[in-house]
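Visitor: I am attaching a structure below and will ask some questions about it afterwards.
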Amino acid sequence: MTAYNVADYREMARRRLPRAFFEFVDRGTEDETLLGLNRRALDAVRLRPAVLQDVRGVSTEAALLGRAVPFPVAIAPTGAANIVGFRGEEALAAAAARAGVPFTLTTSSTSRIEDVARAATAGFWLQLYVWEDREATWQVVDRAAAAGAEALVVTVDTPVMANREYNGRNGFAFPVRPSLRLGLDIARHPRWFAGVLCRYWLSGGTPRYVNYPAQVGGKVTQKVSRIANSASVTWEDVARFRDRWTGRLVLKGILLPEDAARAAELGVDAIVVSNHGGRMFDAAPPAIEALPAVAAAAPPGLQVLFDSGVRRGLDILRALALGASGVLVGRATLYGVACGGQEGAAHVLEILREELARGMALTGCRSLAEVDQRILWPG
Ligand code: FNR
């Protein structure tokens, strides 16, 4: 199958991956209403067609956290790249580098911060989950600084673990435990088994959480104290991060204007308007609906990024028209890396860039400076 768009990559990933892992990537939380709402709300944003404009040489160039980028996209942190592909995290980082855009590594990755930092040559951001033991947390932060991370992305919408019942039904939980159901699922997907699991076994065994502080633990088959401890994280921690971290500080998972204003007061550089891709809180609003009010409340020094549901370049254009200055993509590049490693992810990024440029031409915008609420169709 030839992939022409992100939906094609999704379909290919669905066939290739064991169901447990595809659903882990693809699905939402509880009744999964937000997953569909994110998409419907994006589709409902209509743009004004422009005709008879000279739109030769459309430029998608932008700046993300002070770095010039060919188009305003960064890869979102996802704890799944190394499950869907062999060394998927490094492959994603290299694909981002080829496209000239930043890559965000999650703390929960099984790839070392230092290895991914080397591959992510067009910007390396580290996403942080905060442990109860703040000293343990600082170890990760200091390691990220030493590896040259430009931004610390603190995820603020995960005070508790999400409820994802399908994972239980599929026999896939953390810590990972062998089960008949999972075993059969894997057996039915020999390409993944040979291309991913066997390669890990041949190159050093079961992946570990290599970035967790020593006192937290590291085996994916063992219980580690992870996200649940984020329940104690407050705005005071944000102030402490600001004092200690000299790079760019980003809060990911903001949906309210007052939270954006407070982030700016504390010296945060950017926020990501996000509902975690519909994976955390099923009663939350679609992120694209929350975006305009948040963008309006953000002072000039606070960059507003967006994620949750981006599958087309037109979605990037919609978010930019509604006040974002860049977007993060999660699942889109995961589908790509699942099917074609670095090439697949790089192709997804190229597709998104081309679609964005086409959408700009159709709305009469030659540069991103011209993309704002004026291209929105009233309604
Ligand atoms: C995520 N996301 C996420 N976010 C985060 O801050 N830390 C993490 O470890 C993860 N892990 C993760 C795993 C998987 C499989 C997915 C799909 C997502 C959320 C991610 O960063 C981003 O907010 C969403 O993926 C954006 O929505 P789309 O682009 O996937 O629709």
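Visitor: I'm told ALA162 meets every condition in (1) within 14 Å of the ligand (Cβ to nearest atom); (2) farther than 25 Å from PRO102 by Cα; (3) open to solvent by less than 10 Å² (accessible area, probe 1.4 Å) except one. Can you identify the failing condition by its number?
Guide: For ALA162, the failing item is (3).
Visitor: Can you name the residue in region 240-258 that is surrounded by 14 or more Cβ atoms within 10 Å (Cβ to Cβ) and farther than 21 Å from GLU150 by Cβ and, of all such residues, is nearest to the ligand (Cβ to nearest atom)?
Guide: Step by step, filter region 240-258, then rank; the result is LEU255.
Visitor: Quick check on this structure: which one of ALA136, ALA122, ALA151, ALA144 is farther than 27 Å from LEU17 by Cβ, touching a Lys or Arg at 6+ places or on another chain (Cβ under 6 Å) and crowded, with 17+ Cβ neighbours inside 10 Å? Let's see the steps before the verdict.
Guide: Numbers: ALA136 fails: touching a Lys or Arg at 6+ places or on another chain (Cβ under 6 Å); ALA122 fails: touching a Lys or Arg at 6+ places or on another chain (Cβ under 6 Å); ALA144 fails: touching a Lys or Arg at 6+ places or on another chain (Cβ under 6 Å).
Of ALA136, ALA122, ALA151, ALA144, the one residue that is farther than 27 Å from LEU17 by Cβ, touching a Lys or Arg at 6+ places or on another chain (Cβ under 6 Å) and crowded, with 17+ Cβ neighbours inside 10 Å is ALA151.
Visitor: Turning to a different aspect of this structure: Just checking, does region 74-84 include any residue being more than 18 Å from GLY341 (Cβ to Cβ), open to solvent by less than 20 Å² (accessible area, probe 1.4 Å) and away from the ligand (no atom under 13 Å from the Cβ)?
Guide: No, region 74-84 contains no residue that is more than 18 Å from GLY341 (Cβ to Cβ), open to solvent by less than 20 Å² (accessible area, probe 1.4 Å) and away from the ligand (no atom under 13 Å from the Cβ).
Visitor: Scan region 235-246 and report the pairs whose first residue is of a type in the set (Lys, Arg) and whose second residue is outside any helix (DSSP H, G or I), with Cβ atoms within less than 8 Å and a gap of 6+ or a chain change.
Guide: ARG242/LEU249; ARG242/LEU266; ARG242/GLY267; ARG242/VAL268
Visitor: Further, regarding this structure: Looking at THR158, THR137, can you tell me which residue is over 20 Å from the mean Cα position of the chain (by Cα), β-branched (Val, Ile, Thr) and closer than 30 Å to THR121 by Cβ?
Guide: THR137
Visitor: Please go through region 300-318 and pick out each residue that is of a type in the set (Gly, Ala, Ser) and closer than 20 Å to GLY336 by Cβ.
Guide: Answer for region 300-318, where residues must be of a type in the set (Gly, Ala, Ser) and closer than 20 Å to GLY336 by Cβ: SER308, GLY309, GLY313.
Visitor: On to the next question. Read through the list (1) buried (at least 21 other Cβ atoms within 10 Å of the Cβ); (2) in contact with a strand residue (DSSP E or B) (Cβ under 9 Å, 6 or more places away or on another chain), then give the number of the only condition that ASP157 fails.
Guide: Tallying (1) buried (at least 21 other Cβ atoms within 10 Å of the Cβ); (2) in contact with a strand residue (DSSP E or B) (Cβ under 9 Å, 6 or more places away or on another chain), ASP157 fails exactly one: (1).
The values are calculated or read from the model by the stated rules, or taken from the named source; none is laboratory data. For clarity, every value in this text was computed on a predicted model and none was experimentally measured. Backbone-built Cβ (ideal geometry, glycine too); neighbour counts: all protein chains shown. Heads up: the accessible areas ignore ligands, DNA and RNA and are worked out on the full protein's heavy atoms, side chains in. Shrake-Rupley method; radii C 1.70, N 1.55, O 1.52, S 1.80 Å.
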